[in-house]
1. Can you give me the ranges of the helices (runs of 4 or more DSSP H) entirely in segment 111-206 with at least 1 residues that are within 17 Å of the chain's Cα centre (by Cα) and among the small types (Gly, Ala, Ser)?
2. Which condition does LYS61 not pass, out of (1) at pLDDT below 95; (2) within 11 Å of the chain's Cα centre (by Cα), if it passes all the others?
3. Can you tell me which residues in segment 82-97 are more than 15 Å from ILE63 (Cβ to Cβ) and either open to solvent by 30 Å² or more (accessible area, probe 1.4 Å) or assigned to a strand (DSSP E or B) (or both)?
4. Among the residues that make up segment 101-109, is at least one of them in a strand (DSSP E or B) and more than 20 Å from ARG131 (Cβ to Cβ)?
5. Among the numbered conditions (1) open to solvent by 20 Å² or more (accessible area, probe 1.4 Å); (2) of a type outside the set (Val, Ile, Thr); (3) under 19 Å from ALA10 (Cβ atoms), tell me where GLN103 comes up short.
6. Just need a number here: residues in segment 144-193 that are surrounded by fewer than 19 Cβ atoms within 10 Å (Cβ to Cβ), more than 18 Å from GLN11 (Cβ to Cβ) and small (Gly, Ala, Ser).
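The values are calculated or read from the model by the stated rules, or taken from the named source; none is laboratory data. If you're wondering where the values come from, they're calculated on a predicted model, not measured in any experiment. FYI the Cβ positions are ideal-geometry reconstructions off the backbone, even for glycines, and counts take in every protein chain you see. Quick note on the areas: whole protein, heavy atoms, side chains included, nothing else; ligands and nucleic acids left out. Shrake-Rupley method; radii C 1.70, N 1.55, O 1.52, S 1.80 Å.
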Amino acid sequence: MTETRLIPAAQPNAIEQALCVLCAGGLAAFPTDTVYGVGALAFDGPAVESIYAAKDRPVEKAIPVLIADAEDLDKVAVDIPRMARVLAARFWPGPLTLVVPKQPTLPEAVSATVTVAVRIPDHPVARALLRAAGPMAVTSANLSGQPSPVSAEEVMRQLNGRIPLVLDGGITPGGIPSTLVDCLGAEPVILREGPLTKEQILAALK
């Protein structure tokens with residue numbers, strides 16, 4: 001069992017404490033614009049693998065990468081399609097996840113395929129942490145199959161003793177996961193319906 005610390009995100013050194021945990025190969029949970037996520041540094045393979053263990057998550061499920069700013073996309077992706085850049089400029093930060101060609105240096109634990117799913121969350125705590133830490137592999141901070149948590153207390157109920165740190169940023173909006181768009185072909189392919197509709201996606205590309 002790990003001791004799980006719960007820290008208010010508004011505490012002056014909260015981001016620094018989370019960064020220390022992440023740089024030591026640990027996991028941190030934090031609020032996003034949908035639910036609480038739990039994540040590791042995206043390029044730390046063993047740390048990303050530990051997300052699966054903490055959540056009892058099936059290993060064949062890829063983990064999305066969260067970034068702080070659109071220019072960070074080049075750190076985790078290569079040969080980025082123009083379509084992805086246009087959609088990122090229009091909808092990030094926000095509930096849009098783009099599937100793009102993966103940077104080969106990203107560990108297999110993030111994605112065993114040649115693609116990676118990337119998003120910028122529209123939440124100040126998440127973006128502050130991502131600016132400090134760089135790209136992170138992040139998934140919902142729940143036990144696999146359990147409800148996705150919208151508060152730090154719900155994270156603690158599910159992951160207490162399994163991860164080192166939870167940043168408490170209050171209640172998150174919850175609701176629907178982001179719209180997931182495959183940007184690899186000539187046309188966008190909606191892989192998961194979310195807050196953004198297919199019509200909005202297509203209109204942004206005109």
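1. Details: elements: 124-133, 152-159, 198-204.
Those helices (runs of 4 or more DSSP H) span 124-133, 152-159.
2. (2)
3. Residues satisfying the conditions are ARG82, ARG85, VAL86, ALA89, ARG90, PRO93, PRO95, LEU96.
4. Checked segment 101-109: at least one residue is in a strand (DSSP E or B) and more than 20 Å from ARG131 (Cβ to Cβ).
5. Result: GLN103 fails condition (3) only.
6. So the count comes out to 7.
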